[in-house]
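Visitor: This is the structure, below, for whatever I ask next.
The values are calculated or read from the model by the stated rules, or taken from the named source; none is laboratory data. Here the structure is a predicted model, which means the values were calculated and not measured. Cβ atoms come from the backbone with ideal geometry, glycine included; neighbour counts cover every protein chain shown.
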Amino acid sequence: MIPFFKYHGLGNDFAVVDATQGAVLVEGAQAVRICDRHTGVGADGVLTVLPSESGDFRMHIYNADGSEPEMCGNGIRCFVKYLVDHGSAAGDEVRVETGRGVLSCLAHRGADGKVESVTVNMGPAEFERERIPMKGEGRCIEEEIEFEGLRFKITALALGNPHVVLFGEADLSLARKRGPMLESHPLFPQKVNVNLAGLKSRAEIDLVVYERGCGITRACGTGACATAAAAAMLDKVDFDREIRVNLPGGSLYVRVEQDFSSVWMRGPAVEVFRGEIAQL
C-alpha cells in the first residue's frame with residue numbers, strides 16, 4: 001500500500017506521495033490510474049516528495065495523462081503545505097527543487113497554526129521563443145497566427161511551462177473549443193498551455209486555462225503568472241503591484257517585477273483527506 005495525501009489549490013487537486021519516507025516514485029501509467037476520478041483517487045496530478053541536493057526537497061509532477069510538466073504553481077503550494085504541516089520542513093521558508101530550478105516559498109499560517117496560503121517566487125517570465133519552446137525567432141507578442149481556418153492573436157512565454165495568452169474574454173465554452181486546437185499547434189513542439197483572459201482593470205484579470213495534459217482545470221498557478229506577465233508586457237496592468245487573477249476555482253495574487261526577473265504568486269492550499277493506495 002502507498003500512503004498518500006489529497007490536496008487542492010483553488011480546486012486544482014493533487015495526490016501527494018512522500019518518497020522520503022520509504023515510498024518510491026510511481027510510474028506514469030500508475031499516475032494515470034491514481035488520477036482517474038472513477039476508479040482511482042481522482043486528481044489533476046500526482047506530486048512526489050523527493051530528496052534534493054540543491055534545495056530542501058524536490059517536487060516531481062505527473063499530469064493526469066501521465067506526462068511530466070516542468071512546473072505547477074498550484075501544486076507547489078500544496079507541496080509546501082504538506083512539508084510544513086507535517087514537520088518535514090525546518091521552518092516556514094522552503095526551497096523546492098523543480099523542473100525549472102530551485103524556487104523559494106514562504107508558508108503563511110492560519111489561526112490554527114496550519115498553513116493557509118503560500119507565496120512562491122516563480123522565477124523569471126521568458127519571452128524568447130527558444131525558451132518556451134516555440135518555432136521561429138525572436139518574441140511572439142500579440143502575434144496573429146492561423147490554424148484550422150481561424151485566426152488567433154497570441155502572446156507566448158515560458159513561466160516554468162510554455163504558455164500562450166489570448167486577451168479578450170475568459171469564456172469557459174470558448175476555452176473548451178480553442179484550448180485543444182492551440183495546445184497541439186505545430187508552433188509548439190512540446191505543446192502549450194492556453195490562457196483565455198479578460199481584463200477587468202489594471203489590477204484584476206479574469207482567466208480560464210486549458211492546461212497541457214489536463215484540459216480545463218479550476219485553477220492554474222503558472223497560467224495566472226504567465227497571464228499577468230503578458231499583461232504587464234502589453235501595459236495592461238502595472239508592474240510591482242499585486243494583481244488579482246480570478247479563476248473558476250477562486251483568486252490568485254500575482255506581482256510582476258519590472259524586469260520580469262521574478263514573478264510572485266500568492267494563494268491558498270487545502271488538505272482534503274489522506275489514505276492508502278493499493279499497488280497499481
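Visitor: On the basis of being in contact with a Pro (Cβ under 7 Å, 6 or more places away or on another chain) and either under 30 Å from ILE2 (Cβ atoms) or at pLDDT 95 or above (or both), does GLU211 make the cut?
Guide: Working: in contact with a Pro (Cβ under 7 Å, 6 or more places away or on another chain): no; either under 30 Å from ILE2 (Cβ atoms) or at pLDDT 95 or above (or both): yes.
Considered against the rule, which asks whether it is in contact with a Pro (Cβ under 7 Å, 6 or more places away or on another chain) and either under 30 Å from ILE2 (Cβ atoms) or at pLDDT 95 or above (or both), GLU211 comes out as no.
Visitor: Just wondering, is there one or more residues in segment 29-49 that are loosely packed, with under 15 Cβ neighbours inside 10 Å and either in the same structural domain as ALA224 (by TED's automatic domain parsing) or part of a helix (DSSP H, G or I) (or both)?
Guide: Yes: one or more hits.
Visitor: Filter segment 50-71 down to the residues that are in a loop (DSSP other than H, G, I, E, B) and aliphatic (A, V, I, L, M), then identify the one that is nearest to ASP13 (Cα to Cα).
Guide: The first filter runs over segment 50-71 and keeps only residues in a loop (DSSP other than H, G, I, E, B), leaving 51-56, 64-71.
Okay, now just the ones that are also aliphatic (A, V, I, L, M), so 64, 71.
Working: ALA64: 10, MET71: 15 Å.
So the residue we want is ALA64.
Visitor: Next question, about the same structure. If the requirement is being among the aliphatic types (A, V, I, L, M), touching a Ser or Thr at 6+ places or on another chain (Cβ under 6 Å), buried (at least 17 other Cβ atoms within 10 Å of the Cβ) and at pLDDT 95 or above, which of these qualifies: VAL165, VAL192? If you could, list the steps in order and put the result at the bottom.
Guide: Values: VAL192 fails: touching a Ser or Thr at 6+ places or on another chain (Cβ under 6 Å).
Result: VAL165 is the single residue among VAL165, VAL192 that is among the aliphatic types (A, V, I, L, M), touching a Ser or Thr at 6+ places or on another chain (Cβ under 6 Å), buried (at least 17 other Cβ atoms within 10 Å of the Cβ) and at pLDDT 95 or above.
Visitor: Now for a different question. So for segment 219-230 (the condition being more than 22 Å from GLY11 (Cα to Cα) and touching a Lys or Arg at 6+ places or on another chain (Cβ under 6 Å)), does at least one residue qualify?
Guide: Just the residues of segment 219-230 that are more than 22 Å from GLY11 (Cα to Cα), to begin with: 229-230.
Next, from what is left, pick out any that are touching a Lys or Arg at 6+ places or on another chain (Cβ under 6 Å): none.
Checked against the condition, which is being more than 22 Å from GLY11 (Cα to Cα) and touching a Lys or Arg at 6+ places or on another chain (Cβ under 6 Å), segment 219-230 yields no hits at all.
Visitor: Which number in (1) of a type outside the set (Asp, Glu); (2) outside any loop (DSSP other than H, G, I, E, B); (3) modelled with pLDDT under 95 marks the one condition that ASN246 misses?
Guide: Against the list (1) of a type outside the set (Asp, Glu); (2) outside any loop (DSSP other than H, G, I, E, B); (3) modelled with pLDDT under 95, ASN246 comes up short only on (3).
Visitor: Considering PHE5, PHE14, which residue is surrounded by 24 or more Cβ atoms within 10 Å (Cβ to Cβ), within 23 Å of THR222 (Cα to Cα) and not β-branched (Val, Ile, Thr)? Break it down stepwise before answering.
Guide: Working: PHE5 fails: surrounded by 24 or more Cβ atoms within 10 Å (Cβ to Cβ).
Matching residue, one of PHE5, PHE14: PHE14.
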